[in-house]
1. Counting each DSSP H run of 4 or more residues in the chain as -39500 (n - 2.57), what helix-only mean residue ellipticity at 222 nm follows after dividing by all residues, to the nearest 500 deg cm²/dmol?
2. Taking the structure as given and computing Rg and Dmax of the Cα atoms in Å, which label from [x] 13.9, 43; [y] 15.1, 45; [z] 16.8, 50 fits?
3. Roughly how many Å² is the accessible area per residue of the range 80-143, as a whole number, for a 1.4 Å probe?
4. Under the definition of Cα pairs under 8 Å and six or more residues apart, what whole-number percent is the relative contact order of the range 58-153?
5. Put +1 on the Cβ of every Lys and Arg and -1 on every Asp and Glu Cβ in the chain; which of VAL121, ILE142, GLN42 then has its Cα farthest towards the positive end of the dipole?
Amino acid sequence: MSSAAATTLQAWPGEPESLLVTLDTGERVHYLDWGGPSEEQQAQLPPLLLIHGLAQTAWSWTPVARRLRSLTRVLAMDLRGHGLSDSPRTGYELESQAYDALTVLVANGWGQDAGGRPAAVAGHGLGALVGATMAGLQPDSICAIALIDAGWE
């Protein structure tokens, strides 16, 4: 797990902020921060991490993120080897990718390793498998999970 702070790439009006978090291994994971309502309103619902499926990117969650950011803080990440995240030669097993996602939570002050509130996770396809693995590794970091078309083995 990494204790790195996120690095801003760019932000356009009306679009999410594009950020990178550096893992302990040196690889970088990209995510989009769609923001959320006021701090007071964010306290009512848990923050949300969206994880895409195989051969997709964080941008595949755009219609969902745009609708939900008025209710809670919304992040959408690129899994390693996808989008703007690094493509290392190793680390594609579910446990490594789950720790990547948990590191995104930590970079935002959420989850058990950050001493913050747990997050809700929604994953599609491969992202659902990563989300389920996250919940198994650190159940105190995840308060709710939506597994969409997971295709369990």
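1. -7000 deg cm²/dmol
2. Derived directly from the coordinates: [x].
3. Here the residues of the range 80-143 average 39 Å² of exposed surface.
4. With pairs under 8 Å counted, the relative contact order is 20 percent.
5. GLN42
The values are calculated or read from the model by the stated rules, or taken from the named source; none is laboratory data. Keep in mind the model is a prediction, meaning the values are calculated, not measured. We place every Cβ from the backbone using ideal geometry, glycine too, and count neighbours over all the protein chains shown. The protein model used for the area step is the full one, side chains on, heavy atoms only, and it has no ligands, DNA or RNA in it. Shrake-Rupley method; radii C 1.70, N 1.55, O 1.52, S 1.80 Å.
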